[in-house]
1. Can you tell me which residue in region 17-40 is surrounded by the most Cβ atoms within 10 Å (Cβ to Cβ), limited to those that are farther than 14 Å from Glu69 by Cα, of a type outside the set (Ser, Thr, Tyr) and free of Cβ contacts under 8 Å to residues at least 40 places away in the same chain?
2. Report the residue count in region 56-82 for those that are farther than 18 Å from Asp10 by Cα and touching a helix residue (DSSP H, G or I) at 6+ places or on another chain (Cβ under 6 Å).
3. Would you confirm whether any residue within region 69-79 is modelled with pLDDT of 85 or more and buried (at least 18 other Cβ atoms within 10 Å of the Cβ)?
4. Would you pick out the residues in region 15-48 that are assigned to a strand (DSSP E or B), within 12 Å of Met2 (Cβ to Cβ) and not small (Gly, Ala, Ser)?
Amino acid sequence: MMQWFRAYWDDEDIWFYLEVDAEGWVARQVELRGSDSMPIAAASLAEWQEAQSAERLGQYEATYGMTAESPVQEWDGYDPQQLRARLADHYAIFNPPPDQRRSVRRSSAGLRGTNSS
């Protein structure tokens, strides 16, 4: 069963929004930095695995980032807050309408969110 959590890492001022499976592996991960909530990652494990199989992993990670490489229970300092949002709220976070989707792109100044349209 999937669960949804958020966690804050104050060292880097990042909010993590996570969709986690029953074993603690992150299926989807969104990272927002700073007071303006700049998106720095929005990755799906299934999409990452597809990109790896298709030998386009570098392109995928440059655009969307990646999900965590270990179960959340193994993270140092992980203090999850379970989200009990309605399905519509979950949908809005992980599957926004096409005209509102943003991709995360790397630039010389770091990662930046850009509109996909």
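1. It comes out as Glu31.
2. Selection size over region 56-82: 4.
3. no
4. Result: Leu18, Glu19, Val20, Val26, Arg28.
The values are calculated or read from the model by the stated rules, or taken from the named source; none is laboratory data. A quick note: this is a predicted structure, and the numbers were derived from the prediction, not measured. Please note: Cβ atoms are built from the backbone with ideal geometry, for glycine as well, and neighbour counts cover all protein chains shown.
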